[in-house]
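The values are calculated or read from the model by the stated rules, or taken from the named source; none is laboratory data. Keep in mind it's a predicted model, so treat the numbers as computed, not measured. Heads up, the Cβs are rebuilt from the backbone with ideal geometry, glycines too, and the neighbour counts pull from every protein chain shown. All accessible areas refer to the heavy atoms of the entire protein, side chains included, with ligands and DNA or RNA removed. Shrake-Rupley method; radii C 1.70, N 1.55, O 1.52, S 1.80 Å.
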Amino acid sequence: MTWRLFEWTFKLKSPLYIGFHKVLHFYRTRPYVPANIIWAALTAKFTPLLGVEDYQKIGNLLKKAMRFGYLYIYDDQKLYIPKYTEDGLYFNSLSQYEFEKKFITSIATAAIDAQSLTAEEGMLHEVEVISPYRIDNGEQVHLRGFVWIREISENEISIHVPDNGFMIKYKEKELKLNVDFQLQLGGERRSGFGLVRLKEIKNTPNFSPFYGDWKEENEEVIISMNLGQSIWAHVVHNDSLKIKGYIEPLVSRDWDIQKGAGRKLTSYGLFWSPGSILIEDRSFKITELGFWEVIDC
């Protein structure tokens, strides 16, 4: 049941849209991939391949076996992690404006009626995306982050953790999450958006260049951070937490047993956004969906 930390890097093969908020007919994207998006994508990928026909069963097992960090743009040996400063939001050494000039673009698209497969009237809109190639020089863009995995077996399904990644078994079927594994993340997937290919996954003792240290405590993954360091996941709002940055509500489209994928709106509450700055030392527990919860002192 021991957690093992892995660093994984994905090659971005098509435009990536991670829903943020909407301004009229313009849909903004987040500049990173939250943990719950990765969990949902793996659930959607593994369930039909294993032939289980029960998305909840696979999703619940992944929640028990994995703790996800966020994926951030990785390029030219730099990881673009957000941080709020006196001069505004920065990504590594780039201001938000400079960062978006290099990595963010937009594409005009239209909503398609599922019955007629034609464009719905009045639904032309523009979607902001992370480009698979840098806008300024055309170089390939990657995503990098960290994931904790532990071995587990339940209801004829088992997860094993070799040194090179992740393996899930169901009866006679066996799937491996290793190099060249492909996945679709985020929205607009019918248009081919969000395709990524795993370039590398390796066991590692720490999550540098992210701030903090980690340990296992009571079968949970605990992150400890110091005064002045910036968080790199959404932190559940807590009145006792001394922090400065940006607060936002999080809402997602989840699986509905009767209606299907994306038909259930779930509100998770208020969160401090990645990049917010701690003004005290604090420790956090990573939840099943990758959000952080403050551990009371």
Amide H within-cut-off set for Gly69, under 5 Å, with H built and near neighbours excluded:
Phe146, Val147, Trp148
Within region 8-58, what whole-number % of the accessible surface is contributed by carbon and sulfur, with the 1.4 Å probe and all protein chains included in the calculation?
57 percent
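Given charges of +1 on the Cβ of Lys and Arg and -1 on the Cβ of Asp and Glu, with all other atoms neutral, how large is the dipole of the chain about its Cα centre, in debye to the nearest 20? Before the final figure, lay out each step's value.
Details: 36 positive and 39 negative charges, 102 e Å.
The calculation lands at about 480 debye.
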What does the charge add up to near Thr2, with Lys and Arg as +1, Asp and Glu as -1, over the other residues with Cβ less than 15 Å from its Cβ?
-1
Determine ³J(HN,Hα), in whole Hz, for all residues of region 165-177 in sequence, where each value follows from phi through the Karplus function 6.51 cos²θ - 1.76 cosθ + 1.60 and θ = phi - 60°; x replaces Gly and Pro.
x, 8, 9, 10, 10, 9, 6, 8, 9, 9, 10, 10, 9
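For Ser208 and Leu270, what does the FRET efficiency come to when R0 = 35 Å and r is the distance between their Cβ atoms, rounded to the nearest 0.05? Mind showing how you got there, number by number?
On the way: r = 30 Å, r/R0 = 0.85.
It comes to 0.75.
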Would you work out if region 176-234 is rounded, prolate or oblate? Take a ≥ b ≥ c from the square roots of the eigenvalues of the alpha-carbon gyration tensor; rounded if a/c is under 1.5, else prolate when a/b is larger than b/c, oblate otherwise.
prolate
Pairs of lysine residues in region 161-227 - Cα separation under 25 Å, sequence separation of 8 or more or cross-chain:
7
Need the C-alpha centroid separation for region 130-206 versus region 21-57, integer Å.
13 Å
Counting only residues 5 or more apart in sequence or on a different chain, those whose built amide H sits under 5 Å from that of Phe166 are Leu177
Name the residues whose placed amide hydrogens come within less than 5 Å of the amide hydrogen of Ile107, ignoring near sequence neighbours (fewer than 5 apart) on the same chain.
Val127, Glu128, Val129
Fluctuation leader among Phe20, Phe271, Phe68 - the chain, Gaussian network, Cα springs under 10 angstrom
Phe20
